[in-house]
Structure formats: C-alpha cells, structure tokens
C-alpha cells in the first residue's frame with residue numbers, strides 16, 4: 001500500500017470512529033451523570049474544531065472554526081460527516097509528493113511552525129484517537145458503555161478496507 005492510500009484508510013477509520021462516538025452518545029438517553037456526557041460532547045466538539053483547524057492549515061478552504069467550538073451532539077455529527085468528505089476529497093487528490101511537502105502555519109498561540117504534511121495527517125488522526133479515549137473515560141464515569149472504536153473493530157465491521 002502506498003503512503004497516500006495508507007492515509008485514506010486512516011481517515012476512513014477516523015470518520016467511522018468519530019461517528020461511532022456520536023452514535024453511542026446519542027443513545028445515552030438519561031445518563032446517571034449528564035455532566036459527564038456534556039464533557040464528552042465538549043471533547044468531541046474539540047476533535048471537530050481541531051480537524052477543521054488543520055484542514056485550514058493545509059490550505060483547504062474551510063469555514064473558520066474555533067479549536068474548542070461550542071457544539072451540541074447533532075452539530076458534532078453533521079460536522080464529522082462533512083469532515084469525512086473533505087478529508088477524503090483532499091486525500092483522493094493528493095499525490096505522494098503532496099504529502100511529503102512542508103507547510104508553514106501558526107498554531108493557536110500565534111507561533112510560527114513548519115511541519116511535513118504526512119506528520120500533520122498522522123497527528124490529526126492520533127489527536128482524535130487520544131480524545132476518543134478521554135470520551136470513553138467520561139462515558140464510563142457516567143455509567144455508560146463507550147463506543148468500541150478500536151481500528152480492528154472498524155475492519156471487522158467493514159468500515160475500513
């Protein structure tokens with residue numbers, strides 16, 4: 001598998017995993033700890049905001065989104081679907097040379113940085129996975145079963161091939 005296809009696969013997984021979190025949170029109903037569910041949604045909104053931020057840094061036309069946006073679960077779900085389409089569109093048009101390029105950007109503190117596109121792509125996917133882990137902890141604290149978002153589960157479910 002060449003590098004670009006590897007990232008396409010990784011972002012199919014990211015979309016699926018984020019969607020699983022939305023699905024499970026939506027079925028939470030009256031959780032024993034609504035505050036924990038609210039914290040989980042806030043973390044998911046951050047995943048959404050961070051992904052849009054990185055797309056903008058990659059010079060992909062996007063609407064400006066805060067890194068920690070205020071969103072409800074429905075908004076998160078719609079944004080995750082949009083993000084999945086944008087990431088796949090970007091990656092479908094990318095060549096190996098494109099992902100080896102270096103980009104310049106400013107972080108949320110206004111500091112200037114340079115990073116290789118392939119490092120950005122890996123960072124975004126790992127960042128999302130990190131926060132999905134935090135969301136799982138919040139859900140357990142609320143007495144709920146978190147979404148099963150392991151990569152291997154995505155392959156078993158046929159979501160990632």
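What follows draws every value from the coordinates through simple rules; no lab data is involved. Note that this is a predicted model, so its numbers are computed, not measured. Quick reminder, even Gly has a Cβ in these numbers, built from the backbone with ideal geometry, and neighbours come from all protein chains shown.
Values computed for the structure shown
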read-out: Degrees separating the helix 3-26 axis from the principal Cα axis of the chain, which is the longest one; value: 20 degrees
read-out: Cα long-axis angle, helix 34-57 against the chain (0 to 90 degrees, to the nearest 10); value: 10 degrees
read-out: Residue order, fewest to most surrounding Cβ atoms within 10 angstrom, among 113, 16; value: 113, 16
read-out: Acute angle (nearest 10 degrees) that the helix 117-141 long axis makes with the longest principal axis of the chain, alpha-carbon atoms; value: 0 degrees
read-out: Cα centroid separation, segment 58-77 to segment 94-120 (Å); value: 19 Å
read-out: Average Cα contact separation per residue, segment 1-68, under 8 Å, 6 or more apart, as relative contact order %; value: 21 percent
read-out: Length added when fully stretched, residue 72-residue 109, from 0.36 nm per residue minus Cα-Cα; value: 10.8 nm
read-out: Helix-derived mean residue ellipticity, 222 nm - over the chain, DSSP H n ≥ 4, -39500 (n - 2.57), to 500; value: -21500 deg cm²/dmol
